Amino acid sequence: MILMSRSSKLSPYLLLTNIGHLLTLRGSARPRRGPVLREIGLIEGAAVLCGGGKIIAAAAEPEILSHPWLRRNKRKVEEVDCRGGVVLPGLIDCHTHPVFTNPRLVDFEKRIGGATYEEILAAGGGIRSSLVGVRQASRAELSARVLDAFQAMLAHGTSTVEAKSGYGLTVEDEIKSLEAVRDAARHWPGTVVPTLLAAHLVPPEYAGKPDAYVDLVCDRLIPQVARKKLASYVDVFCERGAFTLPQSEKILAAARRNGLGTRAHVCQFTPSELEGLLAHKPASLDHMDCVGDEDVAALARQETVAVLLPGANYFLGNKEYPNARRLIDAGVAVALATDYNPGTAPTPSLPFVISAACTHMKMTPAEAIAAATINAAHALGLQDRKGSIEAGKDADLAVFDVADHREIAYWFAWNRCVQMIVCGQKAMGWE
Ligand SMILES: [Zn+2]
């Protein structure tokens with residue numbers, strides 16, 4: 001697993017006290033399914049002790065204050081008063097596309113005028129309109145854009161981000177994009193999981209010969225990216241107008257041959273059978289707006305996480321959203337992410353996505369929070385380090401200025417995240 005992050009200084013010892021609701025998300029080591037998704041490990045009146053970048057203990061405040069470690073080391077510890085707020089694991093955005101240069105304002109207005117995603121793509125807009133900007137930009141320019149996005153995500157409570165390439169679509173420009181992600185990660189306190197999404201769209205140079213582009217991705221790009229250790233995962237956009245199921249499977253097979261993990265965008269606009277993709281053991285299948293009953297049952301038996309992206313449905317102005325209730329009730333492990341990208345989801349805010357999941361997908365606030373923390377950690381293979389507040393895990397903590405955790409979903413488009421601790425360091429919101 002390639003994880004990118006800033007090399008950290010020696011972490012201080014922090015004692016967070018006066019926590020109104022502490023959401024530990026502790027429990028099963030497996031992805032949360034069915035009724036278990038609602039179990040957020042709530043402790044009222046809690047405290048958390050961190051040191052060396054890790055959680056030392058998290059429990060009711062009296063228990064923490066009498067912790068033997070704390071009694072021995074009291075003078076080393078800095079106390080932080082959370083003023084009755086909510087503390088939860090740093091949010092995990094397990095699906096983002098941050099490597100682009102410009103907002104797509106022409107597409108935005110066309111869509112307001114009634115054009116569909118596919119019509120905009122066919123007219124040369126959509127993903128294609130981001131290609132020119134990324135190809136012309138220097139690595140440093142791209143890296144500055146990516147870092148801006150990561151900082152905005154941090155300000156909304158996110159401390160771990162999966163970041164895809166996918167707007168270069170040449171060997172050089174995809175590698176430049178992943179290097180820009182790595183450069184940005186070196187200046188950001190959180191953790192970054194890089195993903196190669198060269199199979200986002202067939203680039204114009206390969207119009208009419210998509211298989212030649214698939215060969216380029218499989219035979220040249222994936223081996224180079226693996227050799228340079230620039231990505232943990234390979235992703236593919238399996239969709240009408242992008243890549244077919246056989247092409248997608250070929251790309252995921254090449255990823256595995258080169259020692260990389262797999263994930264896929266699938267069933268966003270048109271249904272696909274998942275069996276062939278599931279054979280490549282993807283960490284996640286993402287979007288899942290129109291997935292068939294048999295595939296839902298198959299997913300429920302797999303470790304693969306279904307990542308739902310309601311921000312895209314919201315921004316596209318769709319009436320329909322992914323059917324989260326059907327997936328959760330069937331036992332599929334569900335996560336939530338922003339899908340941060342210039343075409344369909346220009347938001348860095350996971351709290352907004354959590355809110356939309358509640359209002360438009362009928363997830364409960366507890367389910368949505370678990371989907372954006374522990375299950376998102378599973379979607380990235382980081383469940384041993386992140387996604388819950390338990391002794392030994394990374395001290396990634398988000399402090400929200402609300403008295404009840406349900407308010408995180410309730411106050412929509414209102415950022416209530418006030419402080420972040422990332423790998424045991426004060427990372428955002430401190431004087
Ligand atoms: Zn996406």
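The values are calculated or read from the model by the stated rules, or taken from the named source; none is laboratory data. Just so we're clear, the structure is a prediction, and the values are computed from it rather than from any experiment. All Cβ positions, even for glycine, are placed from backbone atoms using ideal geometry, and neighbour counts span all protein chains on display.
The table that follows gives values for the structure above.
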{"quantity": "Residue match in segment 74-93 (condition: within 16 Å of the ligand (Cβ to nearest atom), under 30 Å from M420 (Cα atoms), surrounded by 13 or more Cβ atoms within 10 Å (Cβ to Cβ) and not basic (K, R))", "calculated": "yes"}
{"quantity": "Check on A184, at negative phi, within 16 Å of the ligand (Cβ to nearest atom) and surrounded by 18 or more Cβ atoms within 10 Å (Cβ to Cβ)", "calculated": "no"}
{"quantity": "One residue from L245, L230 being free of Cβ contacts under 8 Å to residues at least 60 places away in the same chain, among the hydrophobic types (A, V, I, L, M, F, W, C) and over 18 Å from G343 (Cβ atoms)", "calculated": "L245"}
{"quantity": "From A152, A59, A144, A115, residue being out of contact with any Cys (no Cβ under 9 Å at 6 or more places or on another chain), at pLDDT 95 or above and outside any helix (DSSP H, G or I)", "calculated": "A59"}
{"quantity": "Of all residues making up segment 306-333, the number that are within 16 Å of the ligand (Cβ to nearest atom) and either assigned to a helix (DSSP H, G or I) or closer than 20 Å to A29 by Cα (or both)", "calculated": "8"}
{"quantity": "Residue within segment 270-283 that is on the phi < 0 side of the Ramachandran plot and of a type in the set (D, E) present", "calculated": "yes"}
{"quantity": "Flag for W411 being at pLDDT 95 or above, aromatic (F, W, Y) and at negative phi", "calculated": "yes"}
{"quantity": "Residue in segment 134-146 that is touching a residue at least 40 places away in the same chain (Cβ under 8 Å), touching a strand residue (DSSP E or B) at 6+ places or on another chain (Cβ under 9 Å) and either surrounded by fewer than 24 Cβ atoms within 10 Å (Cβ to Cβ) or more than 25 Å from T262 (Cα to Cα) (or both) present", "calculated": "no"}
{"quantity": "Residues being part of a loop (DSSP other than H, G, I, E, B), of a type in the set (S, T, N, Q) and within 14 Å of the ligand (Cβ to nearest atom) - total across segment 267-286", "calculated": "1"}
{"quantity": "Scan of segment 334-361 for residues that are in contact with a strand residue (DSSP E or B) (Cβ under 8 Å, 6 or more places away or on another chain), more than 15 Å from the ligand (Cβ to nearest atom) and not in a strand (DSSP E or B), ordered by number", "calculated": "P351, I354, A357, M361"}
{"quantity": "Failed item, numbered, when A226 is tested on (1) surrounded by fewer than 22 Cβ atoms within 10 Å (Cβ to Cβ); (2) under 23 Å from M288 (Cβ atoms); (3) of a type in the set (G, A, S); (4) at pLDDT 95 or above", "calculated": "(2)"}
{"quantity": "Count - residues of segment 287-305 that are closer than 19 Å to R30 by Cβ and within 16 Å of the ligand (Cβ to nearest atom)", "calculated": "1"}
{"quantity": "Conditions (1) in contact with a Cys (Cβ under 8 Å, 6 or more places away or on another chain); (2) within 16 Å of the ligand (Cβ to nearest atom); (3) not hydroxyl-bearing (S, T, Y); number of the one not met by A368", "calculated": "(2)"}
{"quantity": "Residue count for segment 360-398, restricted to those that are farther than 19 Å from M4 by Cβ and either touching a helix residue (DSSP H, G or I) at 6+ places or on another chain (Cβ under 8 Å) or of a type in the set (A, V, I, L, M, F, W, C) (or both)", "calculated": "20"}
{"quantity": "Within segment 154-168, considering residues that are away from the ligand (no atom under 15 Å from the Cβ) and surrounded by 24 or more Cβ atoms within 10 Å (Cβ to Cβ), the one nearest to L3 (Cα to Cα)", "calculated": "T160"}
